[in-house]
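I have placed the structure first, in the form of structure tokens, so that the comments after it can refer back to it.
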Amino acid sequence: MDSLRQLFDAVHTQLFEGIVQPLLYAAGGMRYVEDAYTATEWFLLGALQVVLLYAVLRPLEALYPAERWSDRRGVGVDVIYTLLHRLGAFALLMFFVMTPLVDRVTQALRGIGYTPFELDALWPGVTDVPLVSFALYLVALDFADYWLHRAQHRFRWWWALHALHHSQQKMSFWTDSRNHLLDSFIVDGAKAVVALAIGVGPAQFVGLVIATRVLQSLQHANVAWTLGLLRRLLVSPVFHRRHHAIGIGHEGRRYGCNFAVLFPLWDQLFGTADYRSTIEPTGVRDQLAPPAGGGRDYGRGFWAQQWLGLKRLLNASA
Ligand SMILES: [Zn+2]
Ligand SMILES: [Zn+2]
């Protein structure tokens, strides 16, 4: 573990000193040097994550597929989303737009006399046991994720954006990051605010986000796994596939089922769990050709998908 860490640090320093710093210098941006150092680390962690995900999940998809496809057309665009989201381009955007916003929220909270919640106040000494506080924060943030996801389905304007995530009819481990940029921006921003409010430290936040993302990739994988005995503890690929099933995952009284991101406990508690394990086609009903649906086009390429998402949003708000 230690030698891996050393290797990582060496690559990080090399990359930063060899490429990032000279570029920053040339662009006259040396006042961002510390942020750039952190951003380089994020980029490397993201790259490592993508390589590992590919190495583990791609063989699993080949060995235990939930669905067999005649070709892989339409899967590639999700790779673009994953690289954009995990390699830090999106994090950079978040950083420049979100940091000032979050600062303002923190100031406003302080202004009305709110101090961030402290886990130690509830359970003295708990933050001295990093693993326990990590687990508690993981559960708390996952609870927030569940309700954010319910809202993505509940509000027409939000569904107009989130439907892009559901429009993949060949769902694979790349699909997790397939989201409208505006949708990602709102969800990630809201999560950052919740993390701030409950007193999660920056370093811990990074760990929490990475742990969550790795599991989210597994859930989207085209793998017929229910996780057996663990299925009521962790969201499995089959459980999340049901969330993407046409006519099941985004319809009905509660606007769908299986909204949980990590722990299906929330779905059990709030009556939205569906543990049936039959594999149904994934997608959005209005994508289907008439008369089953309206034959709506969600776009093939990245820009088409983003543009059509904005158009849906405008129509939903009109
Ligand atoms: Zn959804
Ligand atoms: Zn999903």
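The values are calculated or read from the model by the stated rules, or taken from the named source; none is laboratory data. The structure presented is a predicted model; accordingly, all values stated were derived computationally and were not measured. Cβ coordinates were reconstructed from backbone atoms using ideal geometry, including for glycine residues, and neighbour counts include every protein chain displayed.
Structure above, values below:
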| item | result |
| --- | --- |
| In the stretch 139-163, the residues that are within 15 Å of ligand 2 (Cβ to nearest atom) and more than 24 Å from Val200 (Cβ to Cβ) | His153, Trp158, Trp159, Leu161, His162, Ala163 |
| Number of the condition not met by Glu280 [criteria: (1) assigned to a loop (DSSP other than H, G, I, E, B); (2) more than 16 Å from ligand 1 (Cβ to nearest atom); (3) of a type in the set (D, E, K, R)] | (2) |
| Number of positions in the stretch 5-44 that are farther than 20 Å from Leu87 by Cβ and hydroxyl-bearing (Ser, Thr, Tyr) | 1 |
| Matching residues, the stretch 174-185, being within 11 Å of ligand 2 (Cβ to nearest atom) and closer than 14 Å to Gln219 by Cβ | Thr175, Asp176, Ser177, Arg178 |
| Criterion (under 27 Å from the mean Cα position of the chain (by Cα), modelled with pLDDT of 90 or more and of a type outside the set (Asp, Glu)) met by exactly one of Leu23, Leu87, Leu109, Leu60 | Leu60 |
| Checklist (1) within 16 Å of ligand 1 (Cβ to nearest atom); (2) free of Cβ contacts under 8 Å to residues at least 60 places away in the same chain applied to Arg232, failing item | (1) |
| Selection from the stretch 171-199 of residues that are aliphatic (A, V, I, L, M) and crowded, with 23+ Cβ neighbours inside 10 Å | Met171 |
| Candidates Phe134, Phe95, Phe143, filtered to the one that is modelled with pLDDT of 90 or more, in a helix (DSSP H, G or I), in contact with a helix residue (DSSP H, G or I) (Cβ under 9 Å, 6 or more places away or on another chain) and away from ligand 1 (no atom under 16 Å from the Cβ) | Phe143 |
| Residue list for the stretch 283-307, filter: free of Cβ contacts under 8 Å to residues at least 40 places away in the same chain, part of a helix (DSSP H, G or I) and under 15 Å from Gln168 (Cα atoms) | Arg285, Asp286, Ala304 |
| Considering residues of the stretch 246-284 that are among the aliphatic types (A, V, I, L, M) and within 16 Å of Gln152 (Cα to Cα) only, the residue nearest to ligand 2 (Cβ to nearest atom) | Val261 |
| Within the stretch 1-54, considering residues that are assigned to a helix (DSSP H, G or I) and of a type in the set (Gly, Ala, Ser), the one farthest from Gly207 (Cα to Cα) | Ala26 |
| Count of residues meeting criterion [within 13 Å of ligand 1 (Cβ to nearest atom) and touching a helix residue (DSSP H, G or I) at 6+ places or on another chain (Cβ under 7 Å)] in the stretch 253-273 | 7 |
| Matching option when the condition is within 14 Å of ligand 2 (Cβ to nearest atom), within 22 Å of Arg156 (Cβ to Cβ) and crowded, with 22+ Cβ neighbours inside 10 Å, among His243, His220 | His243 |
